[in-house]
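Inspection log for the structure reproduced underneath, given as structure tokens.
The values are calculated or read from the model by the stated rules, or taken from the named source; none is laboratory data. It should be emphasised that the depicted structure is a prediction, and the values quoted were computed from it without experimental measurement. Here the Cβ positions follow ideal geometry from the backbone for every residue, glycine too, while neighbour counts run over all protein chains shown.
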């Protein structure tokens, strides 16, 4: 094998998103010589983190915790932010995973979440509040505790650029357009390096420890079809094009075990006109569905749009849309809720009409079927006198439908009406490498593989069936710090 370049370092991090950057900085803080491989070019560095909204779900026990994080944020003066305790955070993760989430890992990242984001603040990450997702309450803005109030300034791009600035200032050697291809082993079966591909050819990097942080397989159509099932090879990718399962496959080649929900993924709701890959970069999210009814091409509802607050259900409804005829659905709103629609709807492609009959014609749906669905929905609202409360589960529901709507059930009766075509958007996959509490990769004999760690979306055991918004970045930061520390401790 003709390898053009041979480099040496003490800690090699593969993947330049949030978790990889945190791991790199932590290892460098502890004195290690660190090299970071980023598969993307410099201008698009950062993986899924760059395309995220950069929300971090954090356990806060007091207002002092919140004030410490948001010190200097002007908006804090007119904000009311509810605390979100460790117990609430932990219990929510376990409930949304139907009890499958690994209890050890969940306890670790929940209990250390505040510590991690404070550490990030100390390393140049500026935190902010996004008023877009708050509610008006009197003369101030209100963030109920189900909302992830904490956001990096400048959203995902801001987050990764601030972390890269910190890593660069500390002397982390960053190689762009460099994709890890193969893990190398020494005579004792310890991982001792990586062979990577660059535009100029192969390079070999010798190291004491490798930390894999290079994402799941959401951008690999073959793996999606194999593990997620029918039509998943055709789905739109909300996340980065560079997460093609490389780290998982490399680790399996040297005997790594896998775990987690291999048939599960973060599948949210996107506009039908969104691009096929990296759709999150085009303001394509359609997350105001809880104020709508969502129908398929047959004019039938198929989800409980008001099952829970958006942060706790948005990542699973894409899967249900994919099952519908043509893998498309339509969110229908009436005039009463237009002011509640998120900013991504403002300039989005839509159909707007003054009657349901016109709406059906424009959407090429049988008019009688659509009228029947809406009439049945309006009649099924059993507590129409109950106050509508957009910022919390308000109990306004239907009775006798399949499915019923559990909250925010408002009659569709105030023209004009708007319809937005929506599809499934895949952000990240849930199955991945098996690791322990030290982030070491575990082999098929249930022993740590010497010299290799894994963090972030290529690890399994964290999320099953569903996902609480803002949790992935927090998980990545907490476990990234652990991996960076453990790698240096074992030099």
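Only one of these is in a strand (DSSP E or B) and either in contact with a strand residue (DSSP E or B) (Cβ under 7 Å, 6 or more places away or on another chain) or not assigned by TED's automatic domain parsing to the domain that holds residue 94 (or both): 412, 442. Name it. Break it down into steps so the answer makes sense when it comes.
Values: 412 fails: in a strand (DSSP E or B).
None of the other options fit; the residue is 442.
Of the residues 274, 268, which is in contact with a strand residue (DSSP E or B) (Cβ under 7 Å, 6 or more places away or on another chain), in a strand (DSSP E or B) and either over 21 Å from residue 396 (Cα atoms) or free of Cβ contacts under 8 Å to residues at least 24 places away in the same chain (or both)? So that I can check it myself, show each step before the final result.
Working: 274 fails: in a strand (DSSP E or B).
Just one listed residue meets the conditions, 268.
Just one of 357, 392 is surrounded by fewer than 20 Cβ atoms within 10 Å (Cβ to Cβ) and at pLDDT 95 or above; which is it?
Values: 392 fails: at pLDDT 95 or above.
Result: 357 is the single residue among 357, 392 that is surrounded by fewer than 20 Cβ atoms within 10 Å (Cβ to Cβ) and at pLDDT 95 or above.
Give the residue, chosen from 159, 147, 141, that is in contact with a strand residue (DSSP E or B) (Cβ under 9 Å, 6 or more places away or on another chain) and either closer than 30 Å to residue 449 by Cβ or assigned to a helix (DSSP H, G or I) (or both).
When all the criteria are applied, what remains is 159.
Of all residues in the range 102-138, which are touching a helix residue (DSSP H, G or I) at 6+ places or on another chain (Cβ under 6 Å) and part of a loop (DSSP other than H, G, I, E, B)?
Selection gives 112, 123, 124, 125.
Scan the range 358-378 and give yes if some residue there is over 30 Å from residue 257 (Cα atoms) and in a strand (DSSP E or B), otherwise no.
Pass one, the range 358-378, residues over 30 Å from residue 257 (Cα atoms): 358-378.
Among the residues that remain, those that are also in a strand (DSSP E or B) are: none.
No.
For residue 281, state whether it is under 16 Å from the mean Cα position of the chain (by Cα) and at pLDDT below 95.
yes
Residues that are closer than 22 Å to residue 132 by Cα and at pLDDT 95 or above: find the helices (runs of 4 or more DSSP H) completely inside the range 2-101 holding 3 or more of those.
47-51, 63-69
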